[in-house]
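Note sheet for the following structure.
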Amino acid sequence: MTQSVLGEFAGQLLAGKIEVVDLSAVLGPDTPLLKLPPELAVDTPKIEVHKISEYDDKGPFWAWNWLKVGEHSGTHFDAPIHWITGRDFPDGSTDTIAPKNFVAPVNVIDCSKEVAENNDFLLTVDHIKAWEAKHGAIQAGEWVVLRSDWYKRNGSEADFLNADETGPHSPGPTPEAISYLIDKGVIGWGSETIGTDAGQAGGMEPPFPAHNLMHKANRYGLASLANLDKLPPKGAILIAAPLKIEHGTGSPCRALALVPKG
Ligand code: 23J
Ligand code: MN
């Protein structure tokens with residue numbers, strides 16, 4: 001049975017009937033990075049790419065670099081131990097999460113119109129229920145991601161963070177929406193913004209609910225996703241695996257979606 005499904009899949013993949021959509025942004029020195037209030041925290045450092053050699057006297061036939069990059073940089077995976085509420089899960093770090101959890105169906109909730117009108121848009125339980133009534137129920141083991149088209153701002157850190165004197169302004173979920181999804185048994189929550197929470201989520205109860213509640217439930221996060229506008233509401237498979245960093249709290253990742261064509 002499984003053999004025939006994978007055989008069928010291989011045939012469709014090679015025939016171009018399944019599209020592989022890149023959900024990751026370019027990772028480099030210009031990648032936008034989270035800025036936290038200085039009184040609260042230390043920021044993740046700027047990404048650095050250092051040349052070791054480039055077919056030269058440091059290595060005549062090869063080019064290679066070394067990187068300085070925080071775990072929570074660019075398109076990245078949040079592991080449960082990232083948050084204090086998830087710190088004790090033995091399978092909650094990048095090196096201990098079961099690999100089967102890196103491949104799962106994805107539900108894409110399109111809020112791009114609402115976000116265009118209100119940068120602080122918050123996804124509520126009612127929004128999710130209305131989406132389910134239209135597209136079908138969200139099932140256990142699936143990802144839920146918020147399409148906002150925010151990734152189109154990724155080329156400019158100022159536009160991406162969208163901060164003013166009152167702090168950053170970007171969309172995200174309410175605490176109740178995250179609790180609703182956890183009760184459904186989702187595997188995680190993903191967003192196109194700098195982190196999985198809304199820009200103003202530091203003032204919510206609990207603060208940063210996507211982090212606090214998802215990781216408390218041993219579930220995952222995906223941040224700075226791109227190209228969610230290329231996905232159907234349902235029917236795509238999301239592949240997103242963090243580097244196997246020892247006791248890692250997260251990692252930049254190459255997130256991909258398999259999408260049936262036509
Ligand atoms: C550390 C502190 C607060 C937040 C974050 C990290 C993230 O968004 C992240 O990248 O996990 S909100
Ligand atoms: Mn993160």
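Here are a few things to note about the model shown:
- Cross-link partners for Lys35 among the lysines, with Cα-Cα distance under 17 Å and sequence neighbours closer than 8 places in the same chain left out: Lys46.
- Global geometry of segment 96-165, whether rounded, prolate or oblate, following the gyration tensor of its Cα atoms and the 1.5 cut on a/c: oblate
- The chain - percent of accessible surface contributed by carbon and sulfur, probe 1.4 Å: 58
- Paramagnetic reach from Thr96 (point 7 Å along Cα→Cβ, amide N under 17 Å) across segment 224-246: 242-246
- The alpha carbon convex hull volume per residue for the chain rounds to 164 Å³.
- MRE, 222 nm, helices only [DSSP H, n ≥ 4, -39500 (n - 2.57), over the chain, to nearest 500]: -5500 deg cm²/dmol
- Table column - 3J(HN,Hα) (Hz), segment 179-190, Karplus curve with 6.51, -1.76, 1.60, x for Gly and Pro: 4, 4, 5, 5, 4, 6, x, 4, 8, x, 10, x
- Prolate/oblate/rounded label for segment 1-143 (Cα gyration tensor, a/c 1.5): oblate
- Prolate/oblate/rounded label for segment 18-100 (Cα gyration tensor, a/c 1.5): prolate
- Dipole magnitude (debye, nearest 20) for segment 1-82, charges at Cβ of Lys, Arg, Asp, Glu: 60
- Debye log10 I(q)/I(0) for segment 180-262, one point scatterer per Cα, at q = 0.22 Å⁻¹: -1.22
- In segment 78-175, GluC sites (Glu not before Pro) in a DSSP loop with at most 15 other beta-carbon atoms within 10 Å: Glu165
- Distances between placed amide hydrogens fall under 5 Å for Asp78 paired with Gly221, Leu222, Ala223, all partners being 5 or more residues away or on another chain.
The values are calculated or read from the model by the stated rules, or taken from the named source; none is laboratory data. Quantities reported herein were computed from a predicted structural model and do not represent experimental measurements. So basically every Cβ, Gly included, is an ideal-geometry build from the backbone, and we count neighbours across all protein chains shown. To get the accessible areas, we keep the full protein, side chains included, count just its heavy atoms, and leave off ligands, DNA and RNA. Shrake-Rupley method; radii C 1.70, N 1.55, O 1.52, S 1.80 Å.
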